[in-house]
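Report on the following structure.
The values are calculated or read from the model by the stated rules, or taken from the named source; none is laboratory data. Only a predicted model underlies this, so the values are computations on that prediction, with no experimental measurement involved. All Cβ positions, even for glycine, are placed from backbone atoms using ideal geometry, and neighbour counts span all protein chains on display. To get the accessible areas, we keep the full protein, side chains included, count just its heavy atoms, and leave off ligands, DNA and RNA. Shrake-Rupley method; radii C 1.70, N 1.55, O 1.52, S 1.80 Å.
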Amino acid sequence: ECTFGDDAMQPALDLIDRPHTVFEAKAIGRYGEHDIVARADQLTGGHLIETKTTLSTFDFDKYAKSCQWRFMVDLFKPLDVTYHVFCLEERVLEERVGAIGLRSVETFRLYPYVDLRRDCEDLVARFAEYVTAKGLRACLEDRQQAAAVGGA
C-alpha cells in the first residue's frame, strides 16, 4: 500500500485547484479515415494543462517529443500547453517502504507551430501503416467495437 505525504499532495493540489477550469475535457478529430480522441487534464481559458507523475529522472525531451500534446493542441486549439511533472520518490516510513514523497515539480510550456496539423496527419498515417503491416487492424477494430458496445 502506498501513501502520499503532504509534501507530495499539497503542491499538486495548489497547481490543480484553479477557478473556471474544465477537467477531463474530451475532443475528437478526424485524420484521414481515422478518428483520434484526446482528453485534456484541464482547460482554463485558452490554456491546456497536463499533469504527469514519474518515479524516474525528469526528461524534458520525453514529453516534448511525444505526440500526445500535438494532438491536443490541434484538437483543442489552446494558446499553449503547460505540463506539471511531479517527480516522486519512494520513501521508507516507520520501517516500511511505500510512502511516496516529492522530489520536485518540473513545469514547462509547449506551443502550437505552423506544421502541427500536417505532423499529426503524418503520425496517424504512419501508425495506420504500422498496424496494417503487423496484421493488427482486425484486433483494433474488434477492440473498438467492444468499447462502443460497452459504452466506453
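Looking at Y83, Y111, Y63, just one residue is in contact with a strand residue (DSSP E or B) (Cβ under 7 Å, 6 or more places away or on another chain), within 19 Å of R39 (Cα to Cα) and open to solvent by 90 Å² or more (accessible area, probe 1.4 Å), and that residue is Y111. For Q42, the requirement of being out of contact with any helix residue (DSSP H, G or I) (no Cβ under 9 Å at 6 or more places or on another chain) and among the polar types (S, T, N, Q) is not met. I'd like to know if the stretch 109-130 contains one or more residues that are among the small types (G, A, S), closer than 30 Å to M9 by Cα and in contact (Cβ under 8 Å) with a residue 40 or more places away in the chain. Checking the stretch 109-130: not a single residue is among the small types (G, A, S), closer than 30 Å to M9 by Cα and in contact (Cβ under 8 Å) with a residue 40 or more places away in the chain. Set side by side, the residues I16, I49, I36 differ, and just one is among the hydrophobic types (A, V, I, L, M, F, W, C) and touching an Asp or Glu at 6+ places or on another chain (Cβ under 7 Å), which is I49.
To keep it simple, each residue is scored yes or no on (1) on the phi < 0 side of the Ramachandran plot; (2) modelled with pLDDT of 90 or more; (3) hydroxyl-bearing (S, T, Y).
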{"residue": "L88", "(1), (2), (3)": "yes, yes, no"}
{"residue": "L93", "(1), (2), (3)": "yes, no, no"}
{"residue": "V105", "(1), (2), (3)": "yes, yes, no"}
{"residue": "F127", "(1), (2), (3)": "yes, yes, no"}
{"residue": "G135", "(1), (2), (3)": "no, yes, no"}
{"residue": "Q144", "(1), (2), (3)": "yes, no, no"}
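Looking at the stretch 1-36 only, could you name the residues that are among the aromatic types (F, W, Y) and more than 30 Å from F127 (Cβ to Cβ)?
F4
May I ask you to verify whether K62 is at positive phi, within 17 Å of the chain's Cα centre (by Cα) and at pLDDT 95 or above? Against the criterion (at positive phi, within 17 Å of the chain's Cα centre (by Cα) and at pLDDT 95 or above), K62 does not qualify.
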